[in-house]
Amino acid sequence: MVSTLVDKEKLEEAGYLILQAVNAKLSTEESKRTAQRFAAMIAEQCAFMAIDNSDIAKEFNKTFECRNNDIVIVKNIPCFSICEHHLALMYNMKISVGYIPNGRVIGLSKIARIADAASKRLQLQERIGEDIIDVLEQILNIKDVIVHIQAEHACVTARGIAKPGAITETIACDGVFCEASRKVEFLQAIKL
Ligand SMILES: [Zn+2]
């Protein structure tokens with residue numbers, strides 16, 4: 001397993017600083033525990049921040065020979081991420097992935113693991129799709145990959161403009177899926 005390279009001590013310090021900055025009236029013991037929980041939460045959500053796509057590709061490189069080269073789709077993979085602009089949560093996220101194999105297919109659970117890894121970074125929703133495509137292309141030596149993501153962003157729903165329920169949808173694609181007809185075919189297939 002790749003190591004996560006997250007500095008938990010620094011995260012705990014950051015947790016303390018937040019509590020101080022907002023004048024939280026917690027006991028020393030409570031402050032310590034909250035800072036530790038904060039550190040653990042951010043460490044979990046940023047576990048793949050310092051890990052390259054190529055290392056994720058190595059980690060989840062489990063493929064099988066398959067002569068059927070028709071589209072493979074895994075849809076509605078639930079994930080969480082944190083936006084790099086506000087450090088706010090992206091939630092109710094559903095990731096759907098499609099690809100055209102080229103003699104080999106990847107283990108289906110590995111697609112979910114790759115989606116999860118790409119999400120466990122400070123991210124932009126748009127880039128999560130790009131990262132998943134990058135990893136799958138490296139593992140399968142293919143070019144025909146498409147990713148649809150829908151999510152709610154706490155920076156939109158719970159602060160500032162505060163529009164709960166606003167859903168962001170993004171598509172990232174490569175190869176044949178850049179053609180409008182293939183894109184529509186995929187979107188029909190995953191119809192949420
Ligand atoms: Zn944001």
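Data table
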read-out	value
Single unsatisfied condition, residue 112 versus (1) closer than 17 Å to residue 151 by Cβ; (2) touching a residue at least 60 places away in the same chain (Cβ under 8 Å); (3) in a helix (DSSP H, G or I)	(2)
Residue, nearest to the chain's Cα centre (by Cα), within region 149-165, restricted to residues that are closer than 13 Å to residue 88 by Cβ and hydrophobic (A, V, I, L, M, F, W, C)	151
In region 117-143, residue farthest from the ligand (Cβ to nearest atom) [restricted to those that are closer than 13 Å to residue 169 by Cα and surrounded by 20 or more Cβ atoms within 10 Å (Cβ to Cβ)]	129
Residue in region 172-192 that is within 16 Å of the ligand (Cβ to nearest atom) and at pLDDT 95 or above present	no
Restricting region 144-173 to residues that are in contact (Cβ under 8 Å) with a residue 12 or more places away in the chain and among the hydroxyl-bearing types (Ser, Thr, Tyr), the residue that is surrounded by the most Cβ atoms within 10 Å (Cβ to Cβ)	170
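The values are calculated or read from the model by the stated rules, or taken from the named source; none is laboratory data. Since the structure is predicted, the reported quantities are computational estimates derived from the model, not experimental observations. In this analysis, Cβ positions are derived from the backbone assuming ideal geometry, glycine residues included, and neighbour counts consider all displayed protein chains.
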